[in-house]
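Since the structure comes first, as structure tokens, the remarks are kept for the end.
What follows draws every value from the coordinates through simple rules; no lab data is involved. None of the values given here were measured: they were computed from a predicted structure. FYI the Cβ positions are ideal-geometry reconstructions off the backbone, even for glycines, and counts take in every protein chain you see.
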Amino acid sequence: MTPPAADTPKPSDIAPLFEQGHLRLKSCRHGAMLYNSGDTYVGRSLDVYGEFSEGEIKVFDQVLKPGMIAIDAGANIALNGLEKSLSD
């Protein structure tokens, strides 16, 4: 993997596209994400890193092939399923 250029802003330095109350819309690794800015885990990860659980997404990319159907039945906000649905 090639490291980002020195002048590439860190995800935490990128200003939100929209913010109202606890909702924040920000450009992230896999597109714009609307999330709860007060969320300790997913929201903070999107805010600081611009991604959440990237390792899981890489596994899904290896396992799921075009035309396959997968159900993201987690108890969170389905970022893994959302990313995969947008990438195909």
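Testing the spin-label approximation: label points 7 Å from Cα along Cα→Cβ at M68 and E19. State their distance in nm.
With each label placed 7 Å out from Cα toward Cβ, I get 3.9 nm.
By average Cβ neighbour count within 10 Å, what is the ranking of 16-25, 63-72, 31-40 from highest down? List each step's numbers first, then the result.
Values: 16-25: 12.6, 63-72: 9.2, 31-40: 14.5.
Listed from highest to lowest mean packing, they are 31-40, 16-25, 63-72.
If each residue of separation counts as 0.36 nm, what is the full-extension length gain between K10 and V42 once their alpha-carbon separation is subtracted?
9.8 nm
Aspartates and glutamates within cross-link reach of K26: Cα-Cα under 13 Å, excluding same-chain residues under 8 positions apart?
The reachable aspartates and glutamates, counting only those whose Cα sits under 13 Å from K26, are D13, D47, E51.
Give or take rounding to whole Å, what are the principal axis extents of the alpha carbon atoms in segment 17-65, in descending order?
The principal-axis extents, from largest down, are 38, 20, 14 Å.
Using 0.36 nm per residue of separation minus the Cα-Cα distance, give me the extension gain between L34 and E56 in nm, one decimal. Numbers along the way, then the final one.
Working: separation 22, 0.36 × 22 = 7.92 nm, distance 2.00 nm.
Extending this stretch completely gives an extra 5.9 nm.
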